[in-house]
1. Please list 3J(HN,Hα) in residue order for the stretch 28-40, calculated via the Karplus relation 6.51 cos²θ - 1.76 cosθ + 1.60 where θ = phi - 60°; whole Hz, with x for glycine and proline.
2. Could you work out the local net charge near Glu99, counting Lys and Arg as +1, Asp and Glu as -1, over the other residues with Cβ closer than 15 Å to its Cβ?
3. Mind checking the per residue accessible area of the stretch 56-126 for me, 1.4 Å probe, whole number of Å²?
4. At a probe radius of 1.4 Å, what is the per-residue accessible area of Cys110, in Å² to the nearest 10?
5. When only C-alpha pairs under 8 Å and at least 6 residues apart count, what is the relative contact order of the stretch 71-123, in percent?
6. How high is the FRET efficiency between Glu123 and Glu29 when r is their beta carbon distance and R₀ equals 35 Å, given to the nearest 0.05?
Amino acid sequence: IEESGRHLLNLINDILDLSKIEAGKLALEPGPVSVREVCQASLRFIRQEAHKKALLVDLSVDPVVTTIWADERRLKQILVNLLSNAVKFTAVGGHIGLEVQGDAAQRAVCFVVWDQGIGIAPEDMQKLFRPFVQLDSRLSREYNGTGLGLSLVYRMAELHGGSVGLTSEVGRGSRFTVMLPWDPADKLGRPVN
């Protein structure tokens, strides 16, 4: 009952967030965010499910990327959505990870969530970021979900002035890259233009 209640609450919150974004009413609350801390907090959220499936979970953070100006709660929501999918679509005993890479030249930081899961066919990749889309009815029966997570990831990355990219190979896994603005010279406490 408790698990079902949490699932319903998450569904309601996802629908509300998506509705707010569509109506232009979701306001970010940006501030300085410790990248390593937000990554570790996101991994803690999926640790139990990953442990149940005996998944190896890697974290790699570029040492030059210490902070980013972002909405910490929404960044965590982005990462948890992607990590939850990585856990969900990776077989027992598999491997998933979160990598953070700084690109000073492009003034961007990339959060890469990768897995050794079922992968995504090229013709299905564009459909993924639409609300309520699940690629295959057989998959939706096997892997429960609302079809809202990736749509929220995409929209929240855009609200941050960023983007989401995907590379995948059927049967070998996927890599979701969330690229957000970053100023490596920024000293905490002021927004980056």
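1. 6, 10, x, x, x, 10, 6, 4, 4, 5, 5, 5, 5
2. Summing Lys and Arg as +1 and Asp and Glu as -1 gives -2.
3. Accessible surface, normalised per residue, equals 43 Å².
4. That residue has around 20 Å² of solvent-accessible surface.
5. Dividing the mean separation by the residue count of the stretch 71-123 yields 34 percent.
6. 0.40
The values are calculated or read from the model by the stated rules, or taken from the named source; none is laboratory data. Quantities reported herein were computed from a predicted structural model and do not represent experimental measurements. Methodologically, a virtual Cβ is constructed for each residue, glycine included, from the backbone with ideal geometry; neighbour enumeration extends over all protein chains shown. Accessible surface areas use protein heavy atoms only, side chains included; no ligands, DNA or RNA. Shrake-Rupley method; radii C 1.70, N 1.55, O 1.52, S 1.80 Å.
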